[in-house]
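The structure appears below as structure tokens.
The values are calculated or read from the model by the stated rules, or taken from the named source; none is laboratory data. Everything numeric here is computed off the predicted structure, so don't read it as measured data. Note that we place each Cβ from the backbone using ideal geometry, even for glycine, and neighbour counts take in every protein chain shown. For the accessible areas, the whole protein counts, side chains as well, though only heavy atoms, and no ligand, DNA or RNA atoms are used. Shrake-Rupley method; radii C 1.70, N 1.55, O 1.52, S 1.80 Å.
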Amino acid sequence: FVIQILTMLSIALINVINAVYAVNVLGISKEEWWLVYIPLLLTMVVVSLPVGKMVDKIGTRVPLILGPVTLAVALLLFVNGNFSTIMVSMCLLGIVHLLVMSSAMTLSAGLVEPKNRGKVRGFINFVGYISTGLGMLLGNYFYNLIPQLPFYVTIGLTAPMILIVLLGVQQPKSH
């Protein structure tokens, strides 16, 4: 659950400023910016079923580790990128979302009794939306200090995410 919360916080840090950063710092035109969402959406459509099958086949731990690693790679491509690398970065961000959310939901389904899943899901969403709001505020604040800072903070947050998975996530006996 902590992974989902950290992922929501991390993504919010950059989502609130990525368009401004791309236009003002990287020089992507406003007319081109909307185009970077096309590969993101196509990637999520194409990759969603294979990621779901992967989670069913190998479990939740590996995708929960691959998510933050992919997030770091995506942001490294974005922060100093051009139009092409930003498109690749957006594809990777779609994969991050699929890896983490599919794995986390599968993991919670295996760990939480069916009668409590709604309450647990509601609590995770509640805390996640608070962390998203906090991430948006911090992302804007960090951007105004140093435009690249939200990206580097998010990359830094991937290390604790991976450690939490390695040290705290056990694969359920059955899922």
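Descriptive notes on the structure:
- Alpha-carbon Rg with Dmax, taken over the chain, Å: 16.4, 51
- Surface composition of the chain: carbon and sulfur atoms hold 71% of the protein heavy-atom accessible area at a 1.4 Å probe.
- For the stretch 150-168 versus the stretch 26-100, the gap between their alpha-carbon centres in whole angstrom: 17 Å
- Non-local lysine pairs in the chain, meaning eight or more places apart or on different chains, with alpha-carbon distances under 30 Å, amount to 8.
- When the chain is treated as a GNM with alpha-carbon contacts under 10 Å, the residue of SER48, SER102, SER84 showing the greatest mean-square fluctuation is SER84.
- Diffusion coefficient, µm² s⁻¹, Stokes-Einstein with Kirkwood Rh over alpha-carbon pairs of the stretch 45-132 at 37 °C and 0.692 mPa s: 231 µm²/s
- Size of electric dipole in the chain: Cβ of Lys, Arg +1 and of Asp, Glu -1, about Cα centre, debye, nearest 20: 620 debye
- Sum of -39500 (n - 2.57) over DSSP H runs of 4+, divided by residues of the chain (222 nm, nearest 500): -28000 deg cm²/dmol
- List ARG117, ARG61, ordered by accessible area with a 1.4 Å probe, largest first: ARG117, ARG61
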